[in-house]
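Report on the following structure.
The values are calculated or read from the model by the stated rules, or taken from the named source; none is laboratory data. Everything numeric here is computed off the predicted structure, so don't read it as measured data. Quick reminder, even Gly has a Cβ in these numbers, built from the backbone with ideal geometry, and neighbours come from all protein chains shown.
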Amino acid sequence: MKFFRSKSATSYDPHLPALTARQAEHLRELVHRHHADQGAQVTVTGDCVHAPQGTRALHNLAEFVRRADPRDWPRIVEQHFTALDNASRSTADAPDRTLRGAYLRLVPEDAVPPQAAPSFSYARRIAPGLLETLALDLPDAVRILDDQDVARIGLEALRTAGRANLVAEPVEYETTRTQSGGLLHIVSGESMFVASKALVLDELVRSVTGSPLPDDGALFTVPSRHHLVFHPLADHHVVDAVNDLAAFGLGAYQDNNPGPLSPRLYWWRQGAVMSLTQIDDATRSFSVVPPDELMAVMRRLHAANA
C-alpha cells in the first residue's frame, strides 16, 4: 500500500520534510537571526539549533510555520523560542509547578534527531515510530524536557507526576461502526496529549467505555497528537479492524492535521506495544503484517464467534 505523500513536483527538505528545501533554509536563517539578536552564538544545521541552552529540534517549529503566512514567520520564531526560554526558567525556579504541569508525551521517533539525542537520553522508545518523553505544559508553550530539566527534579518523580496528569487529562470520545461491522473507538480533543493516552491505554479504555481491556489487549493508531483510535480484541471483528484501523490511521496522518505522529498500526497488550506496520522506504509503501501471536488470537476469536 502506498502511503507517502507525493513529492515529485516539489523538493522537500530531507531534515524538515514538512517544508520545502527553500522554506527550510529560510526558517534556519530566521532561527539564527533570532538568536543573534539575543546576543547568542548558535549553529543551525539540519533539524537542530545548537544553542547555549542546549540542542533543540526544529520539527515542531517547522509544523507551526508551514501553516502560516511567510510574513508571520519571524514573529512565530520569536514567540517559539521565547516560550521555550520561559519554560526552561520555570523548571529551574519552580519544581513544584513543573510537577503540576508535567505529562508523559508520545512524540515521533524523529522528533529527537541524532544530534539532539544526548540531551534526551531518558526518552524511551515505546515501539517503532514512537518515543515516550516528558513534557511541560505551560500557558504559552508545551516543551519537551531535556536531561538537565529531569536531573533538577528526578526522573521517577517526573514520570509519576506525568502519568497521573496524563490519566486525568480530559478527552472527547465517540464510537463508529464501520461497513465491515467492527466498532472503532475514537478519542480526540484540543489537548496536545490525546494521542499520548496510548501510554495509559488500559486506564483510558476503562474510563471511556466503563470496561477493562480484554487480556488480548487492543489495536490502536495515533495519526496525530489530537487523535487516538482503538479496537479491543474481544470478538471476530478484529480481522476487519486491522484493515479499518490501518486505513483510518493512514488517512488521518495524511490529512495535514497539526502534530502528525505516526501512520502505523499498533498492538497494545499488557502494557507492551508492537508495531504491525512494515515500512519500505525504497518503494515508499507500507504493509500490515500481524505477528504469529496476533494471528493466533484472531483465529481463536473468529472460531469463538463462528
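A few points about this structure:
- When ALA135, ALA62, ALA157, ALA161 are screened for being part of a helix (DSSP H, G or I) and either in the same structural domain as LEU199 (by TED's automatic domain parsing) or closer than 27 Å to THR277 by Cβ (or both), only ALA62 passes.
- Looking across region 247-272 at every residue that is free of Cβ contacts under 8 Å to residues at least 60 places away in the same chain and among the small types (Gly, Ala, Ser), the one that is surrounded by the fewest Cβ atoms within 10 Å (Cβ to Cβ) is identified as ALA272.
- Selection over region 183-199 of residues that are surrounded by fewer than 19 Cβ atoms within 10 Å (Cβ to Cβ) and touching a Lys or Arg at 6+ places or on another chain (Cβ under 7 Å) gives a count of 2.
- Of all residues in region 146-157, those satisfying the criterion of being out of contact with any helix residue (DSSP H, G or I) (no Cβ under 7 Å at 6 or more places or on another chain) and among the aliphatic types (A, V, I, L, M) are ALA151, LEU155.
- Cβ pairs under 7 Å, 6+ apart, first in region 149-167 and within 16 Å of VAL200 (Cα to Cα), second in a helix (DSSP H, G or I) and at pLDDT 95 or above: ARG163/VAL200; LEU166/SER196; LEU166/LYS197; LEU166/LEU199; LEU166/VAL200; VAL167/VAL200; VAL167/GLU203
- Considering residues of region 115-132 that are hydroxyl-bearing (Ser, Thr, Tyr) and assigned to a loop (DSSP other than H, G, I, E, B) only, the residue farthest from ARG269 (Cα to Cα): SER121
- Test result for ALA296, more than 22 Å from VAL205 (Cα to Cα) and small (Gly, Ala, Ser): yes
- Residue check: HIS231 meets all listed conditions (1) within 21 Å of THR178 (Cα to Cα); (2) within 16 Å of the chain's Cα centre (by Cα) but one, namely (2).
- Meets criteria (touching a Pro at 6+ places or on another chain (Cβ under 6 Å) and touching a residue at least 24 places away in the same chain (Cβ under 8 Å)) for ILE126: no
- Leading residue by the ranking (farthest from PRO212 (Cα to Cα)) among those in region 269-281 that are in a loop (DSSP other than H, G, I, E, B) and either under 17 Å from the mean Cα position of the chain (by Cα) or modelled with pLDDT of 85 or more (or both): LEU276
- Considering region 77-102, and only residues there that are surrounded by fewer than 18 Cβ atoms within 10 Å (Cβ to Cβ) and polar (S, T, N, Q), the residue that is modelled with the highest pLDDT turns out to be GLN79.
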